[in-house]
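Below is one structure, written out as structure tokens; the observations come after it.
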There are 2 protein chains.
Amino acid sequence: MSRIDTIIKAPHMYTMAGDGLGYMDSAAVAIDSGRILAVGPVADIEAAYQPEQTLEMEHHLLLPGFVDGHMHTSCNILRGLAQDTDNWMMNGLQPFDNAATQEERDAGSRLAIIEAIQAGTTTLGDYDHDMDAVCAFIAKVGARGNIAQTVRSAKHQVYKPGELYVFDTDQGEQSLARNIALYKKWHGHDGGRIRVLFGPQGADFMDTTLLQRCKDEAKKRGTRVHIHLQQGSRELAQMEMRYGMRTVAFLEQTHYLDENFIVVHLTSCEEDEVRAVAKTGAGMVVCPGSIAIIDGLVCPSMAFQQAGGACGLGSDQAPGNNCHNIINEMKNVALFNKIMRADPEVMPAWAALRMATIEGARAIGLGGEIGSLEAGKKADLIAVDLNYPSMQPVFTHPMRNMVPNLVYSARGREVALSMVDGRVIMRDGVVLGADAADCLRAVAAYPDGIGARAEKEFFAINGTNAQYMRNDQL
Amino acid sequence: MSRIDTIIKAPHMYTMAGDGLGYMDSAAVAIDSGRILAVGPVADIEAAYQPEQTLEMEHHLLLPGFVDGHMHTSCNILRGLAQDTDNWMMNGLQPFDNAATQEERDAGSRLAIIEAIQAGTTTLGDYDHDMDAVCAFIAKVGARGNIAQTVRSAKHQVYKPGELYVFDTDQGEQSLARNIALYKKWHGHDGGRIRVLFGPQGADFMDTTLLQRCKDEAKKRGTRVHIHLQQGSRELAQMEMRYGMRTVAFLEQTHYLDENFIVVHLTSCEEDEVRAVAKTGAGMVVCPGSIAIIDGLVCPSMAFQQAGGACGLGSDQAPGNNCHNIINEMKNVALFNKIMRADPEVMPAWAALRMATIEGARAIGLGGEIGSLEAGKKADLIAVDLNYPSMQPVFTHPMRNMVPNLVYSARGREVALSMVDGRVIMRDGVVLGADAADCLRAVAAYPDGIGARAEKEFFAINGTNAQYMRNDQL
């Protein structure tokens, strides 16, 4: 018998191996040095391996940890301040976004990361301007980070409608230099648990030299590019004013996209544009809840998948989603696509679960390492407690109902254990590497200051939320 | 100082008085003999009343308990067995619905009621064939019940597409007699905490005499009628075959609907039909999650409201929703209407919260008794703990973000206390009048039997879920 670190066993397991869900009953996973050695019936695994510890998940189902492909946790300090409004960025987010400091953002990020881990996310695809503290916190709590830092040459944060962004090439180069510095500091940390990507904000936000430099730097360093793609009328107006064409056409012309890209949203893509992007081999991330709240739209993830592309799920940002919970996004992507097609058969539960796990892993270029429970992969997994009203009763015959209930009924607290690289990082809601109470206290200190700094601009803009405040509707 | 039962106080309160949300800070509610005596600043309330007990909710917001206007908790024993399929009733639910016994259904109901209460529901609008045990359990746990029992003369549970339902008038009269017996046994229980309605299943399911008898019996007894209305092509086909017109036109002709009706779904109504129904004074209940899953549709609640009608929210049934959680339905109704209109400003958070509270209370004819925290109303309220990542940070200036975060971010476990008629019925997730662990154990005993009885029909129908079982997609 081989001596190994851990055996984890449960009455039900979804490995996500193959094209379906890879269901097994009375199953166990053998784990050593952070990787899965074997997956199989409890008796076989226990006969072959002698573990240091055995984790008995007696009324649970095991499955791969969830992949959140696109988040802006640094906006979490502004949770709930920017929904129910047209022109979300300018009429909703802007006054608060201008007011928040990096210290405040970092405190918000920590809470968002805790929220995500508590609901089963093991890989966090986080993206913003200054990601050093986020990398440090993800390193500390033991989660997997897939981190991009914003690169852009657009000089100002906000422009008036119709105004062409002014590019500052020095500022652009500096932002790229900071992305490279982040890469050097954090990429490959702890055996690759943190991976740093390059983060051009969007084709509209930067000059063509800088856009190409992002791709070249990523390629040279063996990492990927994470970019917002054809998101909304604002981007399209910029691209048409500057280049006389839409973003997808512009990027096709220069053969910019390839299999090293993670493209996000595609909000304003026609189906032929979606197919063109899918054919490049890029992976897509869709953020259903966020785009429903901030734009009232459903992004074309199904068209992307039908064209052969891999698409994962993202929670985006808390001012305009307003939460970081992949179970919620599984339900959203399924229900939104059903109602957009008036067809209850599209986007069934199993397809949503694949998006949250193996397909999401492939979309971000980690399909060989995570997203399924198979020998050789990293041991990133979660155990979902079935002893909750939301998951009961459990049927196994003639059909199993656990995945439909996970996708359509579970709320997040059912996730009882979370493991990354073979190490338990969350147990019964407690993120072991963090003091959640302390993180809660920390964010509570900031709203007064942010509010005071944002007040004048908030009322000057006079968006729907300012009106709602006056009308006792908030 | 008057001696009273209870003062409950919190840093934030939404009374739902007036047309907005009725926000107050540092507020308290004075409660005696199950009713609210006064609502106001903590100092004023404490100066005027001397309570037996003071409930200090130090980091919470108080608001009226949620009203779930339409549930079929007796289907909860079949949670997760009937989604992702066309023709939900015949291809999904039927084999399991035929197999479940009343004992099994009652066990499932108990768990659904616990699930709903844990997430802040205080009024349960439950509806099914045999509601005695549900009334007993709701009476025991101390919640408010708004209970309808099915009345129908359609002889069989299931018909083939295109087949006209056969009416059995004796069976119809017997079902009405059982509804009357339920009324006599439970209506008015505990000072009116349980209210029994009349439950004609739908205009297609019964002869015109029985339909009228339901209305007359309800009127005579001072209660209401709860009816599914123009739900789907199956109902429309029956009405057109039998009467040569659609349900709404048929009911208009006989002036059937009035302000004593609770009408549910209106799935297949055109806008002029919705307006016609709203004008009768009937209240509507919409079940967003259920109808998205079982039909891929969004019901016309906004058109009903625009025509002046009151519309509440319902969780419907667990095989095809798959959960009983009004916070989930608030998010669903807001997001679904935004994406159906491609407009992020429609159905803001405050409007969804009104549907879950005061508007929902009005829709079921209890607007004078519950749904807001105002002097004279019954003391049905909840306290939401703000010390969760989903609710943090809390901004109060220049805008409050608590309601947007409750609607778009909270998951249910944030509800820390629930009170009905001035009595605490749930605290920190524990439903005080029930043994949740025992209820969980009870439902776990039934799936093997139900599955064995359903198996043959399940595979004979060969719906999508049978295919998914064969393909390792469940």
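The values are calculated or read from the model by the stated rules, or taken from the named source; none is laboratory data. No experiment lies behind these values; they were computed from the predicted model shown. Neighbour counts run over all protein chains shown; Cβ positions are idealised from the backbone, glycine included. When the accessible area is computed, the model is the full protein with side chains, heavy atoms only, and any ligands, DNA or RNA have been set aside. Shrake-Rupley method; radii C 1.70, N 1.55, O 1.52, S 1.80 Å.
Just a few scattered comments:
- Relative contact order of the stretch A:140-271, pairs being alpha-carbon contacts under 8 Å that are 6 or more residues apart, as %: 24
- Number of partner chain Cβ atoms within 10 Å, mean per residue of B:315-323: 4
- The Cβ shell under 14 Å around B:GLU252 holds other residues with a net charge of -1, Lys and Arg each +1, Asp and Glu each -1.
- The charge dipole of the protein assembly as shown, taken about its Cα centre with unit charges on the Cβ atoms of Lys, Arg (+1), Asp and Glu (-1) only, comes to about 140 debye.
- Innermost chain B residue relative to the axis carrying B onto A, by Cβ distance in angstrom: B:ARG411, 2
- Overall shape: oblate for the stretch A:341-412, with the ratio a/c of the largest to smallest alpha carbon gyration tensor axis at 1.5 or above and b/c at least equal to a/b.
- For chain B, adding -39500 (n - 2.57) for each run of n ≥ 4 DSSP H residues and dividing by the number of residues yields -11500 deg cm²/dmol at 222 nm.
- Among the listed pairs A:LYS338/B:LYS279; B:LYS140/B:LYS378; B:LYS184/B:LYS219; A:LYS338/B:LYS338; B:LYS215/B:LYS378, those with a Cα-Cα distance over 25 Å are A:LYS338/B:LYS279; B:LYS215/B:LYS378.
- Derived scalar couplings between HN and Hα for the stretch A:191-207 equal x, x, 4, 10, 10, 10, 9, 9, x, x, 5, x, 5, 7, 8, 8, 6 Hz in order, rounded to whole Hz, by the Karplus curve 6.51 cos²θ - 1.76 cosθ + 1.60 (θ = phi - 60°), x for Gly and Pro.
- Residues of type lysines that B:LYS456 reaches as a straight line, Cα spacing below 24 Å, ignoring anything fewer than 8 places off in the same chain: B:LYS155, B:LYS160
- Neighbour net charge for B:ASP5 - beta-carbon separation under 10 angstrom, K R +1, D E -1: +1
- Residue-normalised accessible area of chain B, expressed per residue, 1.4 Å probe, Å²: 31
- Gyration tensor (alpha-carbon) shape descriptor, the stretch B:55-121, a/c threshold 1.5: prolate
- DSSP-assigned coil residues among GluC sites (Glu not before Pro) in the stretch A:255-359, each with at most 14 further Cβ atoms within 10 Å: A:GLU259, A:GLU270
- Sorting the segments A:287-297, B:283-293, A:446-456 by their mean number of nearby beta carbons within 10 angstrom, highest to lowest, gives B:283-293, A:287-297, A:446-456.
- When a 1.4 Å probe is rolled over the protein heavy atoms, the share of accessible surface on the stretch A:361-403 that falls to carbon and sulfur comes to 43 percent.
- Here the contact order of chain A, divided by its residue count and restricted to Cα pairs under 8 Å and six or more residues apart, works out to 20 percent.
- Length added when fully stretched, A:GLN102-A:PHE459, from 0.36 nm per residue minus Cα-Cα: 126.2 nm
- Relative contact order for the stretch A:34-165: 24 percent, from Cα pairs under 8 Å spaced at least 6 residues apart, divided by residue count.
- Centroid-to-centroid separation of the stretch A:423-445 and the stretch B:417-440 [C-alpha atoms, Å]: 27
- Computed over the protein assembly as shown, Kirkwood Rh from alpha-carbon pairs, angstrom: 28.5
- Other copies of B:ASP216: label-to-label distances in nm, shortest first, labels 7 Å along the beta-carbon direction: 8.9
- Buried area at the B-A interface (accessible, heavy atoms, 1.4 Å probe, summed, Å²): 7400
- Taking Lys and Arg as +1 and Asp and Glu as -1, the other residues whose beta-carbon sits under 14 Å from that of A:MET57 total -4.
- A Förster radius of 60 Å, combined with the Cβ-Cβ distance separating A:HIS397 from B:MET245, puts the computed FRET efficiency at roughly 0.85.
- Under the shape rule built on the C-alpha gyration tensor, where the axes satisfy a ≥ b ≥ c, the stretch A:208-323 is rounded, since a/c falls short of 1.5.
- Exercise: per-residue mean of other protein chain Cβ atoms within 10 Å, A:342-355: 5
- Interface residues in the stretch A:388-405 - accessible area drops by 20 Å² or more relative to the isolated chain, probe 1.4 Å: A:PRO389, A:GLN392, A:PRO393, A:PHE395, A:HIS397, A:PRO398, A:MET399, A:ARG400, A:ASN401, A:PRO404, A:ASN405
- Inter-centroid distance (Cα atoms) of the stretch B:195-229 relative to the stretch A:318-358, Å: 38
- Note that the stretch B:21-37 has calculated 3J(HN,Hα) couplings of 10, x, 6, 9, 9, 6, 10, 9, 10, 9, 10, 8, 6, x, 10, 7, 8 Hz, one per residue in order, obtained from phi through the Karplus relation 6.51 cos²θ - 1.76 cosθ + 1.60 (θ = phi - 60°); glycine and proline are x.
- Unit charges on C-beta of K, R, D, E only; dipole of the stretch A:15-86, Debye: 220
- Of A:SER372, A:ALA38, B:ALA356, farthest towards positive along the dipole that unit charges on Lys, Arg, Asp, Glu beta carbons give the protein assembly as shown: A:ALA38
- Within the accessible surface of the stretch A:52-176, defined with a 1.4 Å probe on protein heavy atoms only, the carbon and sulfur portion equals 46 percent.
- Inter-copy label distances for A:HIS189: 5.8 nm (label point placed 7 Å from Cα along Cα→Cβ; shortest first).
- Approximate spin-label separation A:GLN212-A:ARG427, in nm, with each point projected 7 Å along Cα-to-Cβ: 5.5
- Summary for A:GLU52: label point 7 Å along Cα→Cβ; distances to the equivalent points in the other copies, ascending, 5.7 nm.
- Nonlocal amide H pairs with B:GLY80, under 5 Å, H built at 1.01 Å: B:GLY320, B:ASN321
- Average projection area in nm² (convex hull over Cα atoms of the stretch A:259-407, one quarter of hull surface): 10.2
- What separates the Cα centres of the stretch A:447-473 and the stretch A:245-273 is a distance of 37 Å.
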